[in-house]
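The values are calculated or read from the model by the stated rules, or taken from the named source; none is laboratory data. Just so it is clear, the structure is predicted and the values come from calculations on it, not from any experiment. Backbone-built Cβ (ideal geometry, glycine too); neighbour counts: all protein chains shown. Heads up: the accessible areas ignore ligands, DNA and RNA and are worked out on the full protein's heavy atoms, side chains in. Shrake-Rupley method; radii C 1.70, N 1.55, O 1.52, S 1.80 Å.
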Amino acid sequence: EDQVTQSPEALRLQEGESSSLNCSYTVSGLRGLFWYRQDPGKGPEFLFTLYSAGEEKEKERLKATLTKKESFLHITAPKPEDSATYLCAVQAGGSYIPTFGRGTSLIVHP
Amino acid sequence: NAGVTQTPKFQVLKTGQSMTLQCAQDMNHNSMYWYRQDPGMGLRLIYYSASEGTTDKGEVPNGYNVSRLNKREFSLRLESAAPSQTSVYFCASSDKGSYGYTFGSGTRLTVV
């Protein structure tokens, strides 16, 4: 069974304190790994897709990387507006339906 | 662009009542999905429609039915609501399977 595990469950940072969120997966035949941001009371918002090990994508203070077993979402010098839940989803094998992780809740204090 | 529009945003039902959640997208996407999100459980797929005229069960389809009315609209029906169906429901759409999803803003449903 495909598994997607995100860690930590919750993370508190001070403004400017860089850190990383982890998404580890055990799947057969990765097709794509997706990162989403979800603000309270709203639907997830698509951030990145990564397709192969070694690939990196960047958007403002966020940088996503991918290895054969996990992905990291690096947050550089975060601001309070980066506070949200970050979701990872993995698409694998013959199905294009992704499996979602449970998310990491990030709070950035001013 | 409106993206994915869900109605209603909030609903309270009594056990045994029925209702339909509506979803419409204006991005000409082929695929549409219904998810539920519960604390500690993450997003779980209820039903999906890969293209107009087709629907398939997801991870948690029991107690739900869907209709792909046309390319734009995908509705989710609860025939006899149960307290276990209290959740936040999200509709999503995508152009191709390997692309990211666009989600609606959700329907918060409480069954009492």
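Key figures for this structure:
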| item | result |
| --- | --- |
| Any hit, region B:90-111, residues being part of a loop (DSSP other than H, G, I, E, B), surrounded by 15 or more Cβ atoms within 10 Å (Cβ to Cβ), in contact with a strand residue (DSSP E or B) (Cβ under 9 Å, 6 or more places away or on another chain) and on the phi > 0 side of the Ramachandran plot | yes |
| Residue list for region A:85-110, filter: free of Cβ contacts under 8 Å to residues at least 24 places away in the same chain and open to solvent by less than 10 Å² (accessible area, probe 1.4 Å) | none |
| Flag if B:Glu59 is without any contact (Cβ under 8 Å) to a residue 40 or more places away in the chain, over 21 Å from B:Val12 (Cα atoms), charged (D, E, K, R) and out of contact with any Leu (no Cβ under 6 Å at 6 or more places or on another chain) | no |
| Within region B:1-28, considering residues that are farther than 16 Å from B:Val111 by Cβ and hydroxyl-bearing (Ser, Thr, Tyr), the one farthest from the other protein chains (Cβ to nearest Cβ) | B:Thr7 |
| Wholly enclosed strands (runs of 3 or more DSSP E) of region B:1-57 bearing at least 1 residues of a type in the set (S, T, N, Q) and open to solvent by 50 Å² or more (accessible area, probe 1.4 Å) | B:4-7, B:10-13, B:19-25 |
